[in-house]
Structures are given as structure tokens and as C-alpha cells.
Protein chains: 2
Amino acid sequence: MTPLQPRNANVLAFHIENTSGLTPYLQLVQQITHALRLGHLKVGDRLPTVRDVAAKVAINPNTVLKAYRHLEVQGLLVSRPGRGVFVAKELAGPSAHDQASLRRALLRWLSQAEDAGLDAEGMQALFANTVRQFIQDQAEAS
Amino acid sequence: MTPLQPRNANVLAFHIENTSGLTPYLQLVQQITHALRLGHLKVGDRLPTVRDVAAKVAINPNTVLKAYRHLEVQGLLVSRPGRGVFVAKELAGPSAHDQASLRRALLRWLSQAEDAGLDAEGMQALFANTVRQFIQDQAEAS
DNA sequence: AAGGGTGTCATAGGTCACTAGGACAATAGC
DNA sequence: GCTATTGTCCTAGTGACCTATGACACCCTT
């Protein structure tokens, strides 16, 4: 049986948004990548079964397989036939302390944005736009 | 000739990213929508020519047309054959003052994130994750 | 040895997005 | 009127992605 570590169950809340415009398997890739980057998944952790994910998010098992394979090619996952799919490599991310600090600061900003009347899309728009400006300024400063 | 207002030239810097996973015409839709939401485009402003955009970002004119039509259906744009495509409606966004304030706060946060070693993807991951948490908390608090 | 759970593969079909190339209609300026 | 520019449309073709269904190979437990 070897049930999943309960930790994963909470963190890996797979979800498919049909309105995002992003193709389903790439949505899964992105969610797993984010979990790896934020330290929610550690090397050796086992991911949910292909069939389980497919049933949960209501897509075809082949689509889930495609997402897993995509990450396996990048060396982030390893799939062992008959056993499951496991994390093979973690992504560089902030330390737990820094992450908590950044998250708190971001939550304060979100409250401020909400008070200004922004909805989720507005926040996303402003963030995307500002990040773009930030990156561009960095490049010019070099 | 009625050249474009120089304002648009700087703000509407169309760009197609092949790595984003988002389909090209939706990338244009998103960029225009963001510009509308942030007040970079005003009612009556003229958008770049279908053929101009197609040439600039190296995609087919039909793809640009699809993006424009997508926004026209939503009542955000109006296309006048022989004249061009114009902004028909603006989207609710923060006031100029609030926007400037939010942008400054966000820039500070980005500097902090950069100091913590995050790259653009890491920032994006943390933002997406935190927004999701924020929205969820809002829903539960109702 | 037997069974169940797992990853994997193959086939076939459908939908959607993009491309290429050309042509037409409306508008503005000469 | 003529011409250039603009939005619009059409056809055909290509490719990516997803689905449904079934089957196989591997591993572990019993």
C-alpha cells in the first residue's frame, strides 16, 4: 500500500483551470515545478499515481503521463515502473526563513491592493507589468 | 496618416514568448487587457495595425485579427474597416495614485526577493502561490 | 505462484491553433 | 476617379494536444 506522505496531500492540490489558456499538462508541470521551487516537495518524495491524478482533475491518464515525462526529461522526476514517480532533484529556492518573510510582505501588499479595489486579475496584471519593468531595469543597469 | 499617439508606442510593446506555453493570440489578448486595466490605453485610442503587429512579432495577420476580434466580442475594442481598431471601453483599475503606490511597494518587495536569491521564476512561483492562499483565505472568511 | 497496483505504450479520432496565400470591402487622401 | 491603407474573409494544410480504450511490463505483497 505505502500510502502517500500526508504532507504531499495538502501541498500538491492539483487543479486544472480551463480559463487559464494554458494547456492542461503544462498546468500540472507548472504546479509541480512551483512545489519543487518552494520546497514543498523533497528528493525522494513520491508523487500521486498517474491514475489518481487523472481521476482527481478529470483528465486522461496519458495527459498526466505527459506532464510527468516532461519533468523527467529535465531530471526533476524519476519514474520507476511498478513503484511510482519520485522527486529526483529540487529547485533552488529561498530559505524557509526568507520565504516566510517574503510571503508575509506579499500578503501585506495584497491587502493593500485589495483595499485599492483590485481584484485577482488586477493584482496579476500589476505584478506582471512591474516584474517586467524590474527585469528590464536590471538588464539596463548592467 | 493620423500617426499613433506616441504614448501607445512605448506602452504597447507587444511581445510573444514561445516558452510561456500560452497560445500566441491569447498572449496578445492578455497584454492589451493589462494595458486597459492599468490605464495605459484610453477610450478612443487607436491600436497598431493588424499587419504591423503581425510583422513586428512575426506571426500571421490572422492570429492578430483573432486577438482583436476576441476583445471586440467583449466590447473592449471596436474595429472600423479602413480606419483601424480603437479602444471602446476601459477596465476598472486602481487610481493613478494608488497604482503608483502599489508599484513602489512591489518594487521594494522585488528587491527583497532578489536579495534572497530568487530569480524571475521564483518570484512568479511565490506570487502565484501566495495569491492563491490569499484568495482562499478571503473565501473562508466570508 | 497469484493478484493488485504501478508506469508505459499503441491506436484511433476529434478539436483547436497557427500558417500560407490570396482576395474583397470600406475608408481616407490625392 | 485613383490609389494606398485598413479590416475582413476564404481555403487548404500542418501540427499540437487531448480523449478513449485496451494492452503490456514491472514491482510488491500475499
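The values are calculated or read from the model by the stated rules, or taken from the named source; none is laboratory data. Worth saying up front: this structure is predicted, and the values here are computed from it rather than measured. Every residue, glycine as well, gets a Cβ built from its backbone with ideal geometry; the counts of neighbours run over all protein chains shown.
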Whether any residue in the stretch A:44-51 is more than 8 Å from DNA strand D (Cβ to nearest atom), in contact (Cβ under 8 Å) with a residue 40 or more places away in the chain, touching a Phe, Trp or Tyr at 6+ places or on another chain (Cβ under 7 Å) and among the acidic types (D, E) is what I want to check.
yes
Can you confirm whether the stretch B:98-120 contains a residue that is at pLDDT 95 or above and on the phi > 0 side of the Ramachandran plot?
no
Can you name every residue in the stretch A:19-62 that is more than 10 Å from DNA strand C (Cβ to nearest atom), among the polar types (S, T, N, Q) and over 17 Å from the mean Cα position of the chain (by Cα)?
A:T19
Of the conditions (1) without any contact (Cβ under 8 Å) to a residue 24 or more places away in the chain; (2) within 16 Å of DNA strand C (Cβ to nearest atom); (3) among the small types (G, A, S), A:S95 clears all except one; give me its number.
(2)
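State yes or no: is B:L118 under 27 Å from A:L36 (Cα atoms), assigned to a loop (DSSP other than H, G, I, E, B) and either more than 13 Å from DNA strand D (Cβ to nearest atom) or at the interface with chain A (Cβ under 9 Å from one of its Cβ atoms) (or both)?
So B:L118 passes the test.
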Tell me which residues, restricted to the stretch B:66-91, are under 16 Å from B:L28 (Cα atoms) and of a type in the set (K, R).
B:K66, B:R69
